[in-house]
Amino acid sequence: MQSLKNDGAAIDQTTLSKVAAVTVSFWIIKILCTTLGEVGGDAVTMSMNLGYLVGTLIFAAIFLVAVVAQVRAKKFHPFLYWFTIVATTTVGTTMADLVDRSEGLGYAWGSALLLSLVLLSLGVWYWSTGTVSVGAVSSPKSEIFYWVTIMFSQTLGTALGDWAADDAGLGYLGGVAVFGGALLVVAALHFFTKISKTGLFWAAFILTRPLGAVSGDLFDKPVAQGGMAISRYTASAVLAAAILICILVFPQRAAQRSEH
């Protein structure tokens, strides 16, 4: 296996990834982040009455700052990494709502367009670097592809969650059941089949976003619409605290090249 020299010491390339290892705690924190992105985004655009365009501009600026900091970092930093994930979920929420609602594209067409962008991003990434494995995210080029793909997937998840809950008539609880069930299927395929682990990772990554979207709506939408009418500010604070606790309690490490 190749190694790099740093101050005379050999460093195994498997330690160079700057993104989180895919563990059980990874998925727990990821779902909390996607749910926070939904209620946090809605808190700014709806509760503060700033609108989808202004909300998107605010969160896009935060996203860009976070990604630049992540790319410039020399190693994996758990808090920076998860802050960047939250930034992708909030800008994904407001961007999807801007396109689907304000611009009138609709949930179905918005979901189809964003799915195409996710697949295009993965395709160009694979063509450019030869892999889309998270364990290989160790260069600025692969990191940029990684975060662009994630941003598109987070935006897709918002549109897909809204489509399932509203247009498909599943409601918020129904959406939680459907997307949660789909994640269990992906988990079963991971453990009991030889299907590409990298492909299953991205499938699961995408599915956690609509799960978070419908979960967030379940918390903050009015009771008459099937929600619990919990304050968006309260829900955001509780979710942010839960994410911080998970990062501190669960061991955090960088992905290795042998991981998916």
Next item on the list: Look at residue 175 and say whether it is modelled with pLDDT of 90 or more, crowded, with 18+ Cβ neighbours inside 10 Å and on the phi > 0 side of the Ramachandran plot.
Entry: no
Check: Do the conditions hold for residue 219, that is, is it under 16 Å from the mean Cα position of the chain (by Cα), surrounded by 15 or more Cβ atoms within 10 Å (Cβ to Cβ) and part of a helix (DSSP H, G or I)?
Finding: no
Next item on the list: Might you let me know whether the stretch 154-163 holds any residue that is part of a helix (DSSP H, G or I), of a type outside the set (A, V, I, L, M) and surrounded by fewer than 19 Cβ atoms within 10 Å (Cβ to Cβ)?
Entry: no
Checklist line | residue 95 vs. criteria at pLDDT 90 or above and under 23 Å from residue 225 (Cβ atoms) | finding: yes
Check: Among (1) touching a residue at least 40 places away in the same chain (Cβ under 8 Å); (2) within 25 Å of residue 248 (Cα to Cα); (3) under 18 Å from the mean Cα position of the chain (by Cα), which single condition is residue 92 missing?
Finding: (2)
Item checked: Residue match in the stretch 122-141 (condition: surrounded by 15 or more Cβ atoms within 10 Å (Cβ to Cβ), assigned to a helix (DSSP H, G or I), of a type in the set (D, E, K, R) and in contact with a helix residue (DSSP H, G or I) (Cβ under 8 Å, 6 or more places away or on another chain)) -> no
Check: If we scan the stretch 189-200, do we find a residue that is modelled with pLDDT of 90 or more, of a type outside the set (Ser, Thr, Tyr), closer than 20 Å to residue 43 by Cα and in a loop (DSSP other than H, G, I, E, B)?
Finding: no
Check: Can you spot a residue in the stretch 153-165 that is of a type in the set (D, E, K, R) and farther than 27 Å from residue 79 by Cβ?
Finding: yes
Checklist line | Exclusive hit being over 25 Å from residue 145 (Cα atoms) and modelled with pLDDT under 90, set 18, 5, 75 | finding: 5
Margin query: Considering only residues that are among the polar types (S, T, N, Q), under 25 Å from residue 164 (Cβ atoms) and under 18 Å from the mean Cα position of the chain (by Cα), which ones fall in the stretch 223-257?
Written below: 236
Item checked: Among residues of the stretch 186-210, those that are of a type outside the set (Val, Ile, Thr) and more than 11 Å from the chain's Cα centre (by Cα), counted -> 13
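The values are calculated or read from the model by the stated rules, or taken from the named source; none is laboratory data. All figures in this text were calculated on a predicted structure; none of them were measured in a lab. Note that each Cβ is placed from the backbone with ideal geometry, even for glycine, and that neighbours are counted across all protein chains shown.
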